[in-house]
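Notes for the one structure printed next.
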Amino acid sequence: MGQGFDLVVPLPAGPYEDSEPGRAVLRGAFESAYREKFALTPPGVPVEFINIRVAVRAPVSGSDVVLEGRPGEGARAALKGTRRAYFPGADSWVETTVYDRYRLGVGDRLSGPAVVEEEGSTLVIGRGRPRRSRRAGNIVMTLPG
C-alpha cells in the first residue's frame, strides 16, 4: 500500500481542456510542485485531484449591491453570557462578554473585551475597542494605528 499526502499545486492560467495536451499542463504543474517540495521526481503513478480550491475577487460597487440588516436593538439583545478568555495584553484571564453574531443588528455597538460567536468563526475584541455592526451586517473594527 502506498502513502497519501496533500500537495497544494498552483496552476498555470487556464482554460483547461480534457485532452492529452490539457492533462500534460496539469501534470507538469503537479510534477514541478512535487519536485520543489520533496526534491524528487514523482513516482510513475497516476495523479489524482482530491480537492480544488478557487479564490475569486471581483469589484463590487456600493450602489449596486445593498444588503439590508435587521435594525439594532442594542447589543444586549445578542448577549449570550460571559466566560473567561485569555488576553495577552492583559497577561491574564479576563471575564469576557459573549455575543451571538446572528442576533446583532445594524448599529449595535460592542465594547471589549468581548467574543462574538457564529457558526463558521469567532471574533475576539480586545479591551476598550468599540465596534459597531454596519448596514451590510459587517462588524467594523478600527485598530490602533
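The values are calculated or read from the model by the stated rules, or taken from the named source; none is laboratory data. Predicted model only: the values in this text are computed from it and were never measured. Cβ coordinates were reconstructed from backbone atoms using ideal geometry, including for glycine residues, and neighbour counts include every protein chain displayed. The accessibility values were calculated without ligands, DNA or RNA, using every heavy atom of the protein model including side chains. Shrake-Rupley method; radii C 1.70, N 1.55, O 1.52, S 1.80 Å.
At 0.36 nm per residue, minus the direct Cα-Cα distance, what do R127 and T82 gain on full extension? Give it in nm, one decimal, please. Working shown, then result.
Values: separation 45, 0.36 × 45 = 16.20 nm, distance 1.43 nm.
Between R127 and T82, full extension yields 14.8 nm more.
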Report task. Would you pull out the residues with amide H under 5 Å of I139's amide H, same chain only if 5 or more places away, H placed 1.01 Å from N? Result -> R134
Query raised in the report: Spin-label point model (7 Å from Cα, Cβ direction): what's the D18 to V47 distance in nm?
Result: 1.8 nm
Query raised in the report: When the chain is fully extended, how far beyond the present Cα-Cα distance does S111 get from V98, taking 0.36 nm per residue of separation?
Result: 3.6 nm
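Contour minus end-to-end for V8 and E73, with contour as 0.36 nm per residue of separation and end-to-end as the Cα-Cα distance?
Numbers: separation 65, 0.36 × 65 = 23.40 nm, distance 4.52 nm.
Length gained between V8 and E73: 18.9 nm.
Quick check on packing: order 105-115, 81-91, 25-35 by the mean number of other C-beta atoms within 10 Å, highest mean leading.
Details: 105-115: 17.4, 81-91: 11.1, 25-35: 14.6.
Put in order of decreasing packing, that is 105-115, 25-35, 81-91.
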Query raised in the report: Roughly how much of R23 is accessible, in Å² to the nearest 10, using a 1.4 Å probe?
Result: 100 Å²
